[in-house]
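As structure tokens, the structure follows; a few thoughts come after it.
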Amino acid sequence: MSPEHVCGESLDTRADVWSLAVLAFETLTGELPFAAETTHETLRRIAMFEATPVRKLRPDASPALEAFFARAFARNIEDRFQKAEDLSRAFSEALAPKPIVVEAPQRDPRIRTAAIAVACALVVVLAALFVARMSSFSDVHAPVAEERTYGAQPITPPIPPPPLETPSSVPEITPANTLPPPSPSPPQKPIARPQKPNVDPSSIF
């Protein structure tokens, strides 16, 4: 029952729009917006526009629902929904979930500067380690004859042993060292070979 109906004023379709808003309130909260212990008290609350706030019964109600019922139960009839289509559209929009807009966090320029400084420090450290490693590698493979110093104590290469002495000249052979000359052998007689007789071939025949 709308306030106009309670007060005995002329009625139109907007009284039904009022009743439709009451049903929407009861659907969401399970109670009537002007409920009281007695019928007389209920009618008084309707005439005085003392609707129960929707967030009192539904703490999870959105501000859009609060604005919807504030307009549906407005004291001035011209401020309410004039048609059922308007009320239905506004009720659907109030219940529709709002898209959650996540704002991108603003990056602090100091954080960016610190990150750049850390990156540069890492590059310097890696370069120093690389140079130290290359220098140690070259020291290990350095020639033995070179003198290298590690810290405060120098390390000298070992002294090679002296070369073996070679004889500068061959000792001379003296007559005392020579053998006696061989004795002459006796002369050998020539061996006489037998001579073949001269045979006349014609004498054979």
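The values are calculated or read from the model by the stated rules, or taken from the named source; none is laboratory data. In this text the structure is predicted, and so the values were computed from the model without any measurement. Virtual Cβ from ideal backbone geometry, glycine too; neighbours counted across all protein chains shown.
Before moving on, here are some points about what is shown:
- Any hit, segment 111-132, residues being among the aromatic types (F, W, Y), modelled with pLDDT under 80, assigned to a helix (DSSP H, G or I) and surrounded by 10 or more Cβ atoms within 10 Å (Cβ to Cβ): yes
- Test set (1) touching a helix residue (DSSP H, G or I) at 6+ places or on another chain (Cβ under 6 Å); (2) assigned to a helix (DSSP H, G or I) - E41 fails condition number: (1)
- Output for segment 14-57, where each listed residue is more than 18 Å from L87 (Cβ to Cβ), surrounded by 16 or more Cβ atoms within 10 Å (Cβ to Cβ) and of a type in the set (K, R): R45
- Residues located in segment 60-82, provided they are closer than 16 Å to P33 by Cα and among the acidic types (D, E): E66
- For segment 65-95, the candidate set comprises residues that are aliphatic (A, V, I, L, M) and touching a residue at least 60 places away in the same chain (Cβ under 8 Å); within that set, the residue that is nearest to T29 (Cα to Cα) is L87.
- Filter pass, L32 being of a type outside the set (G, A, S), assigned to a loop (DSSP other than H, G, I, E, B) and touching a Phe, Trp or Tyr at 6+ places or on another chain (Cβ under 9 Å): yes
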